[in-house]
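The values are calculated or read from the model by the stated rules, or taken from the named source; none is laboratory data. Nothing here was measured: the structure is a model prediction, and the numbers come from that model. Note that we place each Cβ from the backbone using ideal geometry, even for glycine, and neighbour counts take in every protein chain shown.
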């Protein structure tokens, strides 16, 4: 417990006089701060009193309760807000043991959820993990602080080529460090889809989702689409031969018309639960994220399901994105946050996350520690020939984001 002197509530406990004889000190209460430290709260009341000896005794007693300055400065708590199904079981226990810091870990399933939380201010988190295109607008809004890179020596492990891709969103990589990256593509229950569409139907095409002659036949076995307007519009624009990062409102209206044609056949909009739905055979087609589909594939295999699941990047190209660790401007435990980033970029720690969530990272030194069956899987680590077809999601103007959100609500509600 430590003592602080503050104006506050007039609850009496003990009282005494300050050294100048002009204020009376009252004990008000003890309380716990967000990081579980106890505080003794005192109040100064403006009035002359004569009990100098008493107040000196009180203040001396309180000083004995104060921990050393070094202990006060050291962060013992870390509040992390990250995507769901995105961490290894060993990650948090390993950090807590190494750093002596207790981690509070919360999750979300869309960038919109994170953005709404961050834009309110005082969210209380020390680490959040936005997608790079959302991060760019948030950096412009001034809600993240620049990193003290001198405290993150493991940045040396990062792939310079991949880091360069993020610099459009974060010039000089000043604010963020990648957690992982991935692609948008099609997740299949190959067994069910081939039985319905025929084994010779090419599944490496966006036509399976966007052409009613295909997707209408799959409604009965379940069609899931990410509940992420930015991703879905980018894919639809790409399929129409337009710029997936278009700033032209007319392009979004055209993409909306395309999506309206397949809306009757979409059985759910989901950005997290679709993993188990695919694993359990409740859906057979998903517009989803690469690692999520591979998690579903792994879970189905563990449960000894008889059907085959898989992830396909359509040959015409697909979005690539980076989820990036950043520290909010008002983070209460900055030192602990920097320790966390450095810990995550330890190659073996980083590889353990990839092994469990099936998302690659920008940590070049980690790949040799990743299980061979994962590091050699082209659906997880796309080969160079596929990388050339991928396009990075970029930040969009506010008016386009508002238009996207309005059209997205109309699409989902059918209004």
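Observations, loosely collected:
- Among residues of region 262-271, those that are surrounded by fewer than 17 Cβ atoms within 10 Å (Cβ to Cβ) and closer than 9 Å to residue 226 by Cα, counted: 1
- Selection status of residue 351, in the same structural domain as residue 163 (by TED's automatic domain parsing) and free of Cβ contacts under 8 Å to residues at least 40 places away in the same chain: yes
- Options 169, 174, 180; residue that is touching a strand residue (DSSP E or B) at 6+ places or on another chain (Cβ under 6 Å) and touching a residue at least 12 places away in the same chain (Cβ under 8 Å): 180
- Verdict on residue 244 being in a loop (DSSP other than H, G, I, E, B), in the same structural domain as residue 405 (by TED's automatic domain parsing), touching a residue at least 24 places away in the same chain (Cβ under 8 Å) and buried (at least 16 other Cβ atoms within 10 Å of the Cβ): yes
- Residue-level analysis places residue 229 among those that are surrounded by 15 or more Cβ atoms within 10 Å (Cβ to Cβ), assigned by TED's automatic domain parsing to the domain that holds residue 189 and closer than 17 Å to residue 405 by Cβ.
- Which numbered condition residue 390 misses (of (1) in contact with a helix residue (DSSP H, G or I) (Cβ under 9 Å, 6 or more places away or on another chain); (2) in contact (Cβ under 8 Å) with a residue 12 or more places away in the chain): (1)
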